[in-house]
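Structure first, commentary second.
Where a number appears in this text, it was derived from the coordinates with a stated rule and is not lab data. Here the structure is a predicted model, which means the values were calculated and not measured. Reconstructed Cβ throughout: ideal geometry from the backbone, glycine too, with neighbour counts over all protein chains shown.
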Amino acid sequence: MFERLTRLRFSIVVCLCIVVFLYACQNKSQAKRPAFQLPDSVILSFEVYNHTQGFLMNFKRTVEQESQVTIRNSDLGVEGVDVNRMVIREDRFGTRIAFSQTGVVHLEAPKDDKNYTIYLMNVSNAADYRKVDTWTNANEGVLEYVSPLKWYQENRNDFQGPENVIQDAINQLNDALDYPWAKYGSLQKIDQRQNSSFGVGYGYCRNQFGWHSPYWAGVNPDHCLTFKMKLGTFLEEVFELITRLNDIGGKDTATLITDPDTGNLNEVGKDLLAYVFVKDEKI
């Protein structure tokens, strides 16, 4: 009887060992084989803005992580905007993610949920954005300096003139970049020359109404006799300096971006200036 119980116990122990061994082998085999997992998805939230007029719409897309996402202007169903030009930035006005002149943008989905803003270019003032785009392949139609753009007052060749007209021009350019939904950039006055800054003032200007280089924009007060002429010419030269553009109005830029009756920056000028800032990847 005792021997029978001993054999029975031995058989049970052996069976248990075999079961444990087989279970361990099975788990080890399964551990070596990675389990198949479906790609994780993320939610992309978009706000859409007319770049100088304001909010248009919002929408969301649920997509796979790191997948290619395509957005078409024609699918948004909004009016009053250019059908070809689109800019996408992180959050309201963060890093530029995509820029298109064809009405279609492509971006890679991130690994986490993300907020974006799509900027579409205003057409209510009949601004012709080709005036900017035709220069971009020559590294023009882009920002000369990173915002905030720093400027200081500098007169040359012993020329003098009223300071208030210079500040008026700068104020108008700043106003054209500052909106309730985003501040695209700014021109900041400094006391003296620093690296990555430019001067603005009066000078000989090659005996022309105005002239600029990448480092200075000026007006010849002997040719620009009235406040209106000085204002319009300062707007033209500073606009051209900061955007790397020249004579986009044909004879000169002022005829396109300023009001001939007042010399003030007009609505087309505001749209074109904001466009350069909105699309520039330096910001």
message: Which three extents, in angstrom, do the Cα atoms of the chain have along their principal axes, listed largest first?
response: 129, 43, 32
task: Can you spot the lysines whose alpha carbon is less than 20 Å from Lys251's alpha carbon? Ignore those fewer than 8 places along the same chain.
output: Lys131, Lys228, Lys230, Lys270
task: Report, to the nearest 10°, how far helix 2-32 tilts away from the longest principal axis of the Cα atoms in the chain, using its own Cα long axis and a range of 0 to 90°.
output: 20
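Quick one: putting +1 on the C-beta of Lys and Arg, -1 on the C-beta of Asp and Glu, what dipole do you get for segment 130-279 around its Cα centre, in Debye to the nearest 20?
For this selection, approximately 300 debye.
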- request: Only Lys, Arg, Asp and Glu count, each charged at its Cβ (+1, +1, -1, -1), so figure out the dipole size of the chain about its Cα centre, rounded to 20 debye.
  value: 2060
field: Reachable lysines from Lys60, criterion Cα separation under 29 angstrom, eight or more residues apart if same chain
entry: Lys111, Lys114, Lys183, Lys279, Lys282
field: Model label zone, Glu267; criterion: amide N under 16 Å from point 7 Å along Cα-to-beta-carbon; scope segment 100-144
entry: 121-129
- request: Please order Ser147, Ser41 by the number of other Cβ within 10 Å, starting at the fewest.
  value: Ser41, Ser147
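Residue separation times 0.36 nm, minus the C-alpha to C-alpha distance between Ser41 and Ile190: what's the value?
Values: separation 149, 0.36 × 149 = 53.64 nm, distance 4.81 nm.
Here the answer is 48.8 nm.
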field: Rule-of-thumb Rg ratio for segment 75-151 [Cα; 2.2 N^0.38 Å; N residues]
entry: 1.25
task: Work out the charge dipole of the chain with +1 on the Cβ of Lys and Arg and -1 on the Cβ of Asp and Glu about the Cα centre, then indicate which of Gly141, Gln68, His223 is farthest towards its positive end.
output: Gln68
- request: Provide the per-residue ³J(HN,Hα) series for segment 235-242, in order, calculated from phi with Karplus coefficients 6.51, -1.76, 1.60 and θ = phi - 60°, each as a whole number of Hz, with x at glycine and proline positions.
  value: 4, 4, 5, 5, 4, 5, 4, 6
Separation of the Ser124 and Lys60 label points, Cα + 7 Å toward Cβ, nm: 3.0
task: Return Met229, Met57, Met121 ranked ascending by Cβ neighbour count within 10 Å, so the fewest neighbours appear first.
output: Met57, Met229, Met121
Of Asn84, Asn266, Asn207, the one that fluctuates the most in a GNM where the chain has Cα springs shorter than 10 Å: Asn207
- request: Report, in cubic angstrom per residue, the convex hull volume of the C-alpha atoms of segment 41-122.
  value: 76
message: With Kirkwood's inverse mean 1/r over C-alpha pairs for Rh, give me the Rg to Rh ratio of segment 130-279, two decimals please.
response: 0.93
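Which ordering of Val276, Val78 is given by a fewest-first count of other beta-carbon atoms within 10 Å?
In order of increasing Cβ crowding within 10 Å: Val78, Val276.
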- request: Just subtract the alpha-carbon distance of Asp247 and Ile283 from 0.36 nm times their residue separation and send over the number in nm, one decimal.
  value: 10.5 nm
message: Taking loop as defined by DSSP and a crowding limit of 16 other beta carbons within 10 Å, which GluC sites (Glu not before Pro) in segment 205-283 fit?
response: Glu281
